[in-house]
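J.: Provided herewith is a single structure, encoded as structure tokens, for subsequent inquiry.
Readers should treat all values here as calculations from the given coordinates under stated rules, not as data from a laboratory. What you are looking at is a predicted structure, and each value in this text was computed from that prediction instead of being measured. Heads up, the Cβs are rebuilt from the backbone with ideal geometry, glycines too, and the neighbour counts pull from every protein chain shown.
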Amino acid sequence: MIELEHVKKTYQTDTGPVEALTDVSININSGEIFGVIGYSGAGKSTLIRLINLLERPTSGLVKVDGQTMTELSEKELREARKQIGMIFQHFNLLWSRTVEENISFPLELAGIPKKERKSRVEELVRVVGLEGRESSYPSQLSGGQKQRVGIARALASNPKVLLCDEATSALDPKTTDSILQLLQKINRSIGITIVIITHEMQVIRKICDRVAVLDHGTIVEEGLEKDVFAHPEQQITKEFIGIKPESDDASGSLDRFRTIYPDGQIIRITFDGRTRQEPVLSAFYGHEGIETDIIESKLIPGAVKGTKGEIVLRVAGPEAQIQSVLHAANLKNVRTEVLSS
């Protein structure tokens, strides 16, 4: 659906060239919700603006729905952009227009007849849950309502792709959840492909199917959301899920654990969000022959389906019984690792 092939973007500044993206290649499938996460300055906004060619790559190809965007004429590009909606962090609404006039604006530009525009606007108002606010102006709306107007406006021309440029960064957590639920509902109901850039882990966790981690213009990890954050390889990915850098050597933490618990096995259990921690831990605590203590917990709050993060345990008891419990834990979609025996 969306392909970026060896895309590079360099900006020319007064102090010399600045490389925003370095050899980025991504394939985004039709109908999925794809997230790009990174810190400020990583190149996220540049990347998403390359998809609809609001920014042109210095080199490389951008393809959307079979069309090579970088090879289109200006006229062809204007037509292609009608299939790509976009919503923004600060809404970008027309403050002198009402809700229905804001939603109708792209339809007016496209020359859609008034009666057809009215029907489409009424439909979109229902989709985003703004019934009764059609005549309100942006200054009379909450942040969440403004973003709902932005979403409705982006959907006006029935696009195949919806780009979300830090779309929830200006919203409080509760409103963010409601907007994410709306985006997920739209994705499931009409099959639109959604690309989200963000620096917020909760956004990725809650609705993204796959994710790319962007660091200094380079994609350092990519894959299914549940896999990338369950088994992070790069330090930046570990930071996003709350795992702090290791001490100077791996034995540092073990030495600290051993000072407190000189006997037994030190075991790390990693949860990927598919299983809650309680039934896993109960297998250790509920086993009559095993003595268990929680040494350290690095769990991520807010996971919808289950626990995410890791717990370090000290476990003592007969080896055969410990192995039996570890085997049962592995069957519950968690990963166990014996750090020291």
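J.: Around Ser282, what is the net charge, scoring Lys/Arg as +1 and Asp/Glu as -1 over all other residues with Cβ under 12 Å from its Cβ?
T.: On the way: positive: Arg276, Lys332; negative: Glu278.
That works out to +1.
J.: Tally Lys/Arg at +1 and Asp/Glu at -1 over every other residue whose Cβ is under 13 Å from the Cβ of Ile190; what's the total?
T.: +2
J.: Write down the radius of gyration of region 124-175 and its Dmax, each obtained from C-alpha positions, in Å.
T.: Considering region 124-175 through its Cα atoms, Rg and Dmax are 11.4, 31 Å.
J.: Summing -39500 (n - 2.57) over the DSSP H runs of n ≥ 4 in the chain and dividing by its residue number, what mean residue ellipticity at 222 nm do you reach, to the nearest 500 deg cm²/dmol? If you can, show how the numbers build up before the last one.
T.: Numbers: 12 runs with 122 residues, N = 341.
About -10500 deg cm²/dmol.
J.: Which order do the peptides 92-104, 114-126 take when ranked by the mean count of other beta-carbon atoms within 10 Å per residue, highest first?
T.: Top to bottom by mean Cβ count within 10 Å: 92-104, 114-126.
J.: Put one equal scatterer on each alpha carbon of region 145-207, apply the Debye formula with no solvent term, and list log10 I(q)/I(0) at q = 0.13 1/Å to two decimals.
T.: -0.31
J.: If we sort 271-283, 288-300, 217-229 on the protection proxy, mean other Cβ atoms within 10 Å, highest first, what's the order?
T.: 217-229, 271-283, 288-300
J.: Using the reciprocal of the averaged 1/r over all distinct C-alpha pairs, how large is the Kirkwood radius of the chain in Å?
T.: Computed over Cα pairs of the chain, the Kirkwood hydrodynamic radius comes out at 22.6 Å.
J.: Compute the FRET efficiency between Asn330 and Lys115 as 1/(1 + (r/R0)^6), taking r as their Cβ-Cβ distance and R0 = 45 Å, and round to the nearest 0.05. Walk me through the numbers on the way to the answer.
T.: Values: r = 62 Å, r/R0 = 1.37.
Efficiency computed from Cβ-Cβ geometry: 0.15.
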